[in-house]
């Protein structure tokens, strides 16, 4: 699937162009277009800031006007930080990402347009685009150019990402214990705690054991961790016997 | 609701601390904690980079060890770029944001921990935290420190944000037209197109008119835009009559 082009209109700082390029590489975007960058092109500061994303910077194309930069595109979203009094749809970054992906699936060439650091896009630039993207913020709404590119690129990537919301890093030894392996841990622990005199008085023993089982369930142990806990239990119980012997011997 | 603290362990560059502070201010986070920043503290580069978020930088606290920085917290998520072979839950930023908000609602003090620019967090640092956050990326996985703070802060803000996915900027004159106002536009346009000879041949007239209506529906015009289009139509039709008169006169 063709990722959106990123177009920076009149960017002022090479550092921000480099940060934008790095963010693009993080999220699988490759086509960077620059309209009249203030300090010319190439820009050593952009290359330095791009770090591992040098290719995006090297392959960036420079255009003399915004119209030329947009010429071959089908769907273009303009980013703005504030309302402009224009009757245009304003999208959140995730909604924009969803629509950009849908357009890309239909074979359309898409892009996201960013204005310069000082003033953003002007209304004439916005009038060349289909919709507006505004990133919701707290009261301090001024987002750095590189960071704005990052957020929209991230949302585009996320819209097609299948990473599960929560997962456990695990290898073969990190399988979940069967219930009988967990019961063996309960029995082992409750036996040693009873022996040690911890589960006292006897009429509270069952309630105490059940509370300890709840703690263990909540930890969602792996098989390996169950085995480690049982080893710790053996060592501690030995220590206790040794220590009580020592006390007795003394 | 108390927003998560942001903890930077051994950060190397003031610029990144400043970028992190700015991102925090963008998304309503205020408590920045630094563990042994490499170039000491305060750091002029951090202040410069923070732009409008100077307050976050000024109020940042410096700690001599990570354990001290974490002491008063209840729930801490560690950010890592790669798998560590630790049996810990790995969360996406949106899932982490959801859980951080839930903990905050329960009155817990929460935090997100970031390692330094060169090597990230080490396994000992991660072992002090509850879960891991990994930001899904394309093949180029190295995210800048300030940008990683931005993405997690953004997701935290988004998890409580009620901005509608798509909305129209509008004032009183941007109300939607009633259907009769739209029908008046259809009638007006179809009348003028018929007069001009555009709706030809007669047997195709109805199908052509229906296709034009579909175009107009898709534009989801406001009342104001309907009025503007009718004004344009009047002007163009006048021109046509004038022009046909001129041709006749010639």
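Taking the condition farther than 24 Å from residue A:12 by Cα, in contact with a strand residue (DSSP E or B) (Cβ under 6 Å, 6 or more places away or on another chain), in a helix (DSSP H, G or I) and free of Cβ contacts under 8 Å to residues at least 60 places away in the same chain, does residue A:95 pass? When the stated conditions are applied, residue A:95 passes them. Of all the listed residues (A:113, A:100), the sole one being away from chain B (no Cβ under 12 Å), surrounded by 22 or more Cβ atoms within 10 Å (Cβ to Cβ) and not in a helix (DSSP H, G or I) is A:113. Among the residues of region A:140-155, just one is more than 8 Å from chain B (Cβ to nearest Cβ) and either within 19 Å of residue B:96 (Cα to Cα) or modelled with pLDDT under 95 (or both), namely A:155.
Among the residues here, residue A:242 does not qualify as at pLDDT 95 or above and either more than 30 Å from residue A:98 (Cβ to Cβ) or part of a helix (DSSP H, G or I) (or both).
Against the numbered list (1) within 25 Å of residue A:94 (Cα to Cα); (2) in contact with a strand residue (DSSP E or B) (Cβ under 9 Å, 6 or more places away or on another chain); (3) surrounded by 24 or more Cβ atoms within 10 Å (Cβ to Cβ), residue B:26 comes up short only at (2). Within the set B:119, B:102, B:166, the sole residue that is modelled with pLDDT under 95 and farther than 25 Å from residue B:34 by Cβ turns out to be B:166. Filtering region B:18-45 to residues that are part of a helix (DSSP H, G or I) and away from every other protein chain (no Cβ under 14 Å) leaves only B:44. Here A:158, A:175 are screened, and the one residue that is facing chain B (nearest Cβ under 10 Å) and either within 29 Å of residue B:126 (Cα to Cα) or in contact with a helix residue (DSSP H, G or I) (Cβ under 9 Å, 6 or more places away or on another chain) (or both) is A:158. For region B:64-84, enumerate the residues that are assigned to a loop (DSSP other than H, G, I, E, B), in contact with a helix residue (DSSP H, G or I) (Cβ under 8 Å, 6 or more places away or on another chain) and within 14 Å of chain A (Cβ to nearest Cβ). B:80, B:84, listed by residue number.
Scan region A:185-192 and tell me whether some residue there is under 25 Å from the mean Cα position of the chain (by Cα) and either crowded, with 18+ Cβ neighbours inside 10 Å or free of Cβ contacts under 8 Å to residues at least 60 places away in the same chain (or both). No, every residue in region A:185-192 fails to be under 25 Å from the mean Cα position of the chain (by Cα) and either crowded, with 18+ Cβ neighbours inside 10 Å or free of Cβ contacts under 8 Å to residues at least 60 places away in the same chain (or both). Take the conditions (1) more than 10 Å from chain A (Cβ to nearest Cβ); (2) free of Cβ contacts under 8 Å to residues at least 60 places away in the same chain; (3) touching a helix residue (DSSP H, G or I) at 6+ places or on another chain (Cβ under 7 Å); (4) more than 19 Å from residue B:155 (Cβ to Cβ); residue B:107 misses just one of them, which is (3). On inspection, residue B:66 qualifies as in contact (Cβ under 8 Å) with a residue 40 or more places away in the chain and more than 23 Å from the chain's Cα centre (by Cα).
Take the residues of region A:116-127 that are within 14 Å of chain B (Cβ to nearest Cβ) and not in a loop (DSSP other than H, G, I, E, B): which is surrounded by the fewest Cβ atoms within 10 Å (Cβ to Cβ)? Taking the candidates together, the pick is A:123. Of the candidates B:81, B:48, the single residue that is more than 25 Å from residue B:98 (Cβ to Cβ) and either under 29 Å from the mean Cα position of the chain (by Cα) or modelled with pLDDT under 95 (or both) is B:48. I'm trying to understand the selection: among the residues of region B:53-63, which are facing another protein chain (nearest Cβ under 10 Å) and either under 20 Å from residue B:79 (Cα atoms) or touching a helix residue (DSSP H, G or I) at 6+ places or on another chain (Cβ under 7 Å) (or both)? Selection gives B:53, B:56.
Conditions (1) touching a strand residue (DSSP E or B) at 6+ places or on another chain (Cβ under 8 Å); (2) more than 15 Å from residue A:147 (Cα to Cα), marked per residue:
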position	(1), (2)
A:14	no, no
A:20	yes, no
A:30	no, yes
A:34	yes, yes
A:42	no, yes
A:46	no, no
A:53	no, yes
A:57	yes, yes
A:76	yes, yes
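Do the conditions hold for residue B:199, that is, is it at pLDDT 95 or above, surrounded by 12 or more Cβ atoms within 10 Å (Cβ to Cβ) and in contact with a helix residue (DSSP H, G or I) (Cβ under 6 Å, 6 or more places away or on another chain)? No, not satisfied.
The values are calculated or read from the model by the stated rules, or taken from the named source; none is laboratory data. Given the structure is predicted, the values throughout are model-derived calculations rather than measurements. Cβ sites come from the backbone with ideal geometry, for glycine too, and all protein chains shown count toward neighbours.
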